[in-house]
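Remarks on the structure that follows.
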Amino acid sequence: MVNFLIFGPPGSGKGTQSVRLAEKFNLVHLSTGDMLRAEISAGTELGKKMSSIMAKGELVPDEVVIEMIAARIDKTKGSAGFLFDGFPRTVAQTVALEKMLNDRGMKIDSMLVLDVEHDELVNRLILRAEQSGRPDDKDPAVIENRIDVYRSKTEPIIDYCRQKGLYQPVNGMGTIDDIFVRLCDQMKKLI
Ligand code: AP5
Ligand code: MG
């Protein structure tokens, strides 16, 4: 199994690229954002509790997402590895993921970080709000808060992973197809 983190600020293209990469390399795509939105759509108690946190662009508690990932990891068989999208989001989540993988004879093999300019992130998310109506895309102040939360709470993971030799920056500006090729080139080195 080869396990990747796809990393980057809100709007950097993690979800868009993950769907394509998972198909190409037979990876299991695990997005905690998608899992949380599925809880909200299903009207579960957890979804009700998390929806107001997500609408403000704050992070949900570490233990909630760690539990979600733990529940999925053992259900998955017959794939080439995992592609973690939007998880981990804090150093504590990273340490928990490493332990989960380590306990099962696996590790994080690479962290692919999409670098995208701030204005491009905001433009992409404003555009998506018109099309798909995600509540956390509707208010520009919430978009800015999500980017701030990324810089303060999530970006420190980059240093943590850099020290372990896992950090792989990828230019996330340009067309979806061009960025896909850049990501594939990095991933092919490991798969
Ligand atoms: P999450 O769902 O992870 O959202 P996010 O990180 O804010 O990022 P996005 O999904 O908005 O962006 P993306 O990088 O996936 O880009 P995408 O491909 O969609 O998290 C949502 C919330 O859930 C969090 O705020 C938090 O509350 C909670 N949460 C989730 N995980 C958590 C965790 N682990 N811990 C704690 N809380 C957690 O692209 C964006 C748009 O741009 C799309 O419309 C796309 O079509 C377009 N686009 C993509 N690439 C390009 C391109 N190259 N050119 C033009 N447009 C493009
Ligand atoms: Mg996403």
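The values are calculated or read from the model by the stated rules, or taken from the named source; none is laboratory data. Note that the structure is a prediction, hence the values are computed from the model and not measured. Because the Cβ atoms are built from the backbone with ideal geometry, glycine has one as well, and the counts that use them run over all protein chains shown. What goes into the accessible areas is simple: the full protein's heavy atoms, side chains included, and nothing from ligands, DNA or RNA. Shrake-Rupley method; radii C 1.70, N 1.55, O 1.52, S 1.80 Å.
Observations, loosely collected:
- In the stretch 67-79, of all residues being open to solvent by 40 Å² or more (accessible area, probe 1.4 Å) and in a helix (DSSP H, G or I), the one that is farthest from LEU46 (Cα to Cα) corresponds to ARG72.
- Pairing each residue of the stretch 160-184 that is open to solvent by less than 30 Å² (accessible area, probe 1.4 Å) with any residue that is part of a strand (DSSP E or B) and of a type in the set (Asp, Glu), provided the two are 6+ apart or on different chains, yields C-beta distances under 9 Å for VAL170/ASP115; GLY172/ASP115.
- The number of residues in the stretch 1-44 being within 11 Å of ligand 2 (Cβ to nearest atom) and touching a His at 6+ places or on another chain (Cβ under 7 Å) comes to 2.
- ASP139 passes every criterion in (1) free of Cβ contacts under 8 Å to residues at least 40 places away in the same chain; (2) touching a Leu at 6+ places or on another chain (Cβ under 7 Å) apart from (2).
- Test for THR154: is it of a type in the set (Ser, Thr, Tyr), within 9 Å of ligand 1 (Cβ to nearest atom) and open to solvent by 70 Å² or more (accessible area, probe 1.4 Å): no
- Looking at the stretch 80-142, the helices (runs of 4 or more DSSP H) lying wholly inside it that each contain 3 or more residues that are within 16 Å of ligand 2 (Cβ to nearest atom) sit at 118-132, 135-138.
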